[in-house]
Structure formats: C-alpha cells, structure tokens
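None of the figures in this text is laboratory data; all of them are computed from the coordinates on show. What you see is a predicted model, and the numbers here were worked out from it, not measured in a lab. Cβ atoms come from the backbone with ideal geometry, glycine included; neighbour counts cover every protein chain shown.
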Amino acid sequence: MKKVILDLATTLDGFIEGPNGEIDWCIMDDDMDFDGFLSSIDTIFYGRVSYDFWGNYQPEENADAEEQKLWETVHSKNKIVFSSEKRDDPNATFINSDIGEKVEEIKKQGGKDIWLYGGASLIKTFIQLNLIDMYRISVHPIALGNGKPLFEDLKEKLNLKLIKTNTFKSGVVQLIYESTN
C-alpha cells in the first residue's frame with residue numbers, strides 16, 4: 001500500500017514558514033537527493049492555495065536545466081488538491097469531502113508513495129486525522145522566532161519512531177520518522 005509522506009523543511013525552532021509566509025531560508029543542497037525522493041512518489045497532495053501557487057508553476061525561461069528538469073518531474077506526478085472549492089482542472093483532481101476515506105482509497109490504488117506537499121492547513125488536517133505514514137523533516141540551521149509552526153494545535157500526542165537521519169553539507173539535518181499512532 002502507498003504511504004503518505006510529509007516531506008518539508010522546518011527551522012530549528014519548528015517553523016515551516018516565516019511570519020509573512022516566507023521560505024527564503026530554505027536550503028537545497030545537491031547532496032540532498034531530492035530527485036531520488038521524487039522518483040519514489042507518483043502523487044502529490046496539495047491544499048488549494050499551495051496548488052494555485054506551485055501546482056502549475058513554470059520556472060523562468062532563463063532557469064538552469066536542473067531547475068527546468070525538477071519542475072518537469074514534479075508536474076509529471078498525479079496531483080490531488082484538497083479544497084472546499086469545487087473546480088474542473090485538467091491537471092488535478094479536486095477532493096472536497098470525506099478526506100480520510102478518499103486518502104485511504106488512493107493509498108490502496110498501488111503504485112509509488114504520495115508526497116503531502118501542503119500547505120500548512122492541509123498538513124494540520126492530515127496530522128489531526130492521522131493520515132501521515134512517514135515524516136521527512138529537514139531541519140535548517142536557522143531560528144526565526146516566529147512564523148507558522150509545523151505542529152500547531154495538536155489535540156493529542158503524536159508518536160513517531162525515528163528510522164533514519166541524514167546530515168548535509170549545509171548543516172541541514174533530515175529526520176525521517178514513521179508514525180506509530
């Protein structure tokens with residue numbers, strides 16, 4: 001069965017974006033093997049705001065070949081958007097009810113794993129519904145002091161089992177956990 005993997009960056013003090021939504025502190029090292037992660041998934045889960053911003057994003061014409069290839073790979077994945085808004089979109093499937101049931105159906109379809117891209121409110125919903133199988137949290141060597149926290153409004157304890165750590169040349173430390181809830 002497919003797994004839902006939350007793969008995201010956080011600051012040392014636990015924020016996934018700054019107070020104004022900024023993510024300019026994120027580091028992409030070439031030793032992070034993001035291409036390897038992308039090859040392990042065939043589906044991306046988006047919230048509507050994140051999808052509207054990134055779901056069909058096209059890099060600048062003068063972007064280097066590596067960035068062009070990255071976005072081509074991202075856009076080759078099945079895109080599922082969770083939103084209260086109903087929309088016909090040839091590039092994505094919109095889901096607006098029964099999130100838990102629909103996610104379980106998608107997980108049973110076979111194929112590769114699923115990247116829970118976000119945004120913050122979708123991640124919060126998935127955490128509260130216990131729909132995340134694996135957490136790949138890349139902790140960046142910066143503290144912001146405020147912003148959007150990763151684990152906001154937890155209703156109960158979240159039990160995780162550390163299965164791997166990766167340390168990158170930039171100082172980013174990736175923690176990979178399985179959910180044990």
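Only helices enter the 222 nm calculation for the chain: every DSSP H run of n ≥ 4 contributes -39,500 (n - 2.57), and dividing by all residues gives -5500 deg cm²/dmol, rounded to 500.
With the largest listed first and rounded to whole Å, the semi-axes of the equivalent ellipsoid of the chain from the Cα gyration tensor are 23, 22, 17.
As a size descriptor, the averaged projected area of the C-alpha convex hull of segment 106-181 was calculated at 6.4 nm². At a Förster distance of 22 Å, what's the computed FRET efficiency of W54 paired with D33, Cβ-Cβ distance as r, to 0.05? FRET efficiency, W54 to D33: 0.60.
Model label points for E85 and W25, set 7 angstrom from Cα along the Cα-to-Cβ axis, are 2.9 nm apart.
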